[in-house]
Amino acid sequence: MLSLTLLIVLLTVLISYQGFSNIKFQENSMYVPYEVKYNKAYYRMLSHIFIHADWTHLSFNMISLYFLGSFLETQWSFEFGLMGNYYFILLYFGGALIATIWPYYRNSENPGYRSLGASGAVSSVVFATMLWYPQLELYLMFIPIPIKAYILGPLYLAVEYYSMKRGGTGVAHDAHLGGALFGILFVLLIDSNKGIEFLALLF
């Protein structure tokens, strides 16, 4: 049986591929807060996670999701049994929805704002994984040495927040932050001791 992570990856790749060759389909799937507010296009709050700008954008998100999502899904299946699968689904799609809130309040009056991609949902999985297993060693692109999750997590949040405040990057840093914070909160709700363990390592 395919893992939930792999099913999400395959579905996202197939739908994103369709979007690459069908601009109208891609446009209708994007997250546009203005459309959500004034035309009640609520479906856009989820549809945007299944489309991507290009293969690089898609690959980066899906590779991150596959490796860290598979790890977390396995951990939760072992820890919670079948309930672990439900937790994973709630984490991913809940993270996708929560990641749209900040961009909504910042751009609901801007009809030209558009975003696409699963970055917010993936961020929720990434940060849930880092909080669940803070000793996990992760690699960043172009940095050939492993970095512990409890070190990388706070650094990533700081960089995302700075980039959001600076602006002009063309990246939805606010969605990344929203997804990351949801992932952290989700883990704390199902096991508050994970937060204590993370802080103990950090300080």
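Coordinate-derived values only; no laboratory data. Computed from a predicted model, the values in this text were never measured in an experiment. When we count neighbours, we look across all protein chains shown, and the Cβ atoms used for this are built from the backbone with ideal geometry, even at glycine.
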Looking across segment 96-110 at residues that are in contact with a Leu (Cβ under 9 Å, 6 or more places away or on another chain) and part of a helix (DSSP H, G or I), the single one that is surrounded by the most Cβ atoms within 10 Å (Cβ to Cβ) is Ala96
Do the conditions hold for Thr169, that is, is it over 22 Å from Tyr43 (Cα atoms), among the hydroxyl-bearing types (Ser, Thr, Tyr) and not in a helix (DSSP H, G or I)? yes
With respect to Arg114, is the statement that it is more than 14 Å from Val187 (Cα to Cα), basic (Lys, Arg), touching a residue at least 40 places away in the same chain (Cβ under 8 Å) and crowded, with 17+ Cβ neighbours inside 10 Å true? yes
All positions within segment 20-34 that are closer than 19 Å to Thr56 by Cβ, assigned to a helix (DSSP H, G or I) and either out of contact with any helix residue (DSSP H, G or I) (no Cβ under 9 Å at 6 or more places or on another chain) or touching a residue at least 60 places away in the same chain (Cβ under 8 Å) (or both): Ser21, Ile23, Gln26, Ser29
Residue count, segment 172-196, condition out of contact with any Lys or Arg (no Cβ under 9 Å at 6 or more places or on another chain), assigned to a helix (DSSP H, G or I) and within 19 Å of Ser124 (Cβ to Cβ), comes to 16
Please verify whether Gly84 is closer than 30 Å to Gln18 by Cβ, part of a helix (DSSP H, G or I) and small (Gly, Ala, Ser), treating the condition exactly as stated. no
Report yes if Thr5 is surrounded by fewer than 17 Cβ atoms within 10 Å (Cβ to Cβ), in a helix (DSSP H, G or I) and among the β-branched types (Val, Ile, Thr), otherwise no. no
